[in-house]
1. Could you work out [θ]222 nm for chain B from helices alone, using -39500 (n - 2.57) per DSSP H run of at least four and dividing by all its residues? Round to the nearest 500 deg cm²/dmol.
2. Mind checking which of B:Asn297, B:Asn73, B:Asn154 has the largest fluctuation in a GNM of chain B, springs on alpha carbons under 10 Å?
3. Pairs to check: A:Lys61/B:Lys319; B:Lys174/B:Lys202; A:Lys178/A:Lys210. Give those whose C-alpha atoms are more than 19 Å from each other in this structure.
4. Rank B:Gly124, A:Leu175, A:Phe89 by how far each Cα sits towards the positive end of the charge dipole of the protein assembly as shown (+1 on Lys, Arg Cβ; -1 on Asp, Glu Cβ) and give me just the farthest.
5. Report the extension gain between B:Met270 and B:Leu142 in nm, rounded to one decimal, defined as 0.36 nm multiplied by the number of residues separating them, less their alpha carbon distance.
6. Determine the percent antiparallel among the DSSP beta bridges restricted to the stretch B:95-262, to the nearest 5.
7. Helix B:95-104 sits at what angle to the longest principal axis of chain B, using alpha carbons and giving 0 to 90 degrees rounded to 10?
8. Apply the Karplus parameterisation 6.51 cos²θ - 1.76 cosθ + 1.60, with θ equal to phi minus 60°, to every residue of the stretch A:49-63 and state each ³J(HN,Hα) to the nearest whole Hz, in sequence, with x for glycine and proline.
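Values in this text are rule-based calculations from the coordinates and carry no lab data. Just so you know, these numbers come straight off a predicted model, no measurement behind them. Cβ placement follows ideal geometry from the backbone for every residue including glycine, while neighbour counts extend to all protein chains displayed.
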Amino acid sequence: MKAILKTENVDKFFYQPVEFQVLKNIEFEVKKGELLSMIGKSGSGKSTLLYILSTMDTDYKGKLFIDNQLVTGLSKDELADLRNEKIGFVFQFHYLLAEFSCLQNVMIPALKLGKLPKKEIEERAYQKLEILGLQDQALKPASKLSGGQQQRVAIARALINDPLIIMGDEPTGNLDSKNTDIVFDIFQDLTRNYGQTIIAVTHDDDFAKKSDRIIEMKDGQILK
Amino acid sequence: MNINNTIAKTYIFSNKKLTGVAVLGVLLGMSVYIFMNSLLVGFDKSSNESIFRNTSHIRVYKDDEISKVLPKNSPEDFIIINPKVVPNNTTIINPKMILEVILRQKEVIVATPQVNTSVFYNNGKSQISGLSVGIKPDEANLMYNIKSFMVDGNFDLLKSTPSGIIIGSGISAKMNLAIGDNINLTSSKGINRNFKVVGIFKTNNSAIDKTKSYINLAASQQLLKEGNSYITDINVNVNDPELAEQVATKLTQITGYKAEGWKQANETVMATNKMRKMIITFVSLTILLVAGFGIYNILNMTVSQKINDIAILKAMGFKGKDVIKIFVTQAISIGVMGVIGGVMMATILITILKKVYLGGDIGYFPIDYEPQKFLQGVVIGLIITFFAGYIPAKKAANVDPVDILRK
């Protein structure tokens, strides 16, 4: 299996209120088709690491490769294009645009990418919603759905551009156990059957245990 | 439609009330701006019009040069006892040649000689003092458009009647004179002459209507006991009244006589106009600016409300300039709606006010559709809208998604 994402000697410092090293010499790889969980106590640096991997946080030392391309040092606009095409996001909160329908929410990243005509994007969005069992809700406003459904719409949105990696920051953090199971099953299904790579930061030990690989972090370092 | 525009459109229509208020602000600011500036142009036009009924753009005349007092100890000093300062002759020498020279200038449309005489109008026992203006009828009409304010008689009759006179309506009322009646004029040189009333004019400026009359140039020369080369003034109209001052300077240099532009001759009126212009410009710009603040406020609020949306959009690959486009598009849309409404509103206001009769010197309310002011308003309105949107948009573009999403 080839590595999709790789870090070399990543260090990060916080300067407020006092200088503090959050990440120390992080080196690891993510392979294609992996469901990877990052766990650790709060303050261990796992979220900070995820945001560096996501390319949104550019203030670090060391090197980050995505798809064998050195990403460190690219301009903000180049990184935005890269995220648009190669990374899907699922957060603890769904962050759907309340005024838009579920279908439109799913379509937005693809419309931004602009590689396909609108008609095709719409079809693809329907397909993604179908994978997540939401085809009936497609035309409802995003704000009218339940929390679990909203999170699933957010996952469909993360999938729309067939990203290289999906990154999740506590993707089940706001969900009850039933919805957590649903989301996990979806993640597992995506990795097993569609070869999707997923990195998720989580507090949920059950979630972590079921995943393919666990990275545990402590005091800014990877334990195993 | 581009995704940025789709998002902008959705934001605009999802909060109709806020958008409506912002649009209304621009609409009012816009209409008041256009309206007040059109009014300003109207005021200036009407004030100029009333000036140009009695004043030409440029007046060329022999300035009073006071003779110099003899210097002390000069050889002549002892000959003259009790010397007086005597004004020189006020005639223009060789007026025909001067006229030709003036007419050769490309800016000049009309140039006509004129002789002003202080006279007494006598009819029976009543007597009024006033000013009789000796003119060449055709040229003078070209210059002052006298026919436009004639109320009785026929201006053209002045040409064929050497002793004809056109009097102001005030004189006609006071002396009970109608067309065809005779009137006697006494000049400052003591000459008496009878004239026949061929026309009556009314400028709505009562001071002029009560004192002024037009007679033939030759008649006024006779009243002054002068020959037909006696010309005190040459009046000149140019194609652009705004440039009268420059042309006047040029004419002074060419002819050697004093040439005075109308603005110089009407300094008080000009100062009033200037003051009015400053006040109206200031007030109307302020109103437009306030409308801009309205947009700024509402967009600032939207940016704060939608900060999560902005963060996730940026996470999903929207660039800073995309975010700017989204919010500037909103501002410009509000601006365009407001501007269109404002233009319509201003048109309605002007249409109504045009029909209001004020009377006096002014007549109907002096306002008209001024395309230039409409255009100016639209451009300034859109510029203000753009910046009112750009500042909050810039703020939105600088949102760091990590700060928002990590909460």
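1. It lands at -17500 deg cm²/dmol.
2. In the Gaussian network model the winner is B:Asn73.
3. A:Lys61/B:Lys319
4. B:Gly124
5. Working: separation 128, 0.36 × 128 = 46.08 nm, distance 2.40 nm.
Stretched out fully, the B:Met270 to B:Leu142 stretch lengthens by 43.7 nm.
6. 75
7. Tilt of helix B:95-104: around 20 degrees.
8. For the stretch A:49-63, the Karplus curve yields 4, 4, 5, 5, 4, 6, 6, 6, 9, 10, 9, 8, 10, x, 10 Hz.
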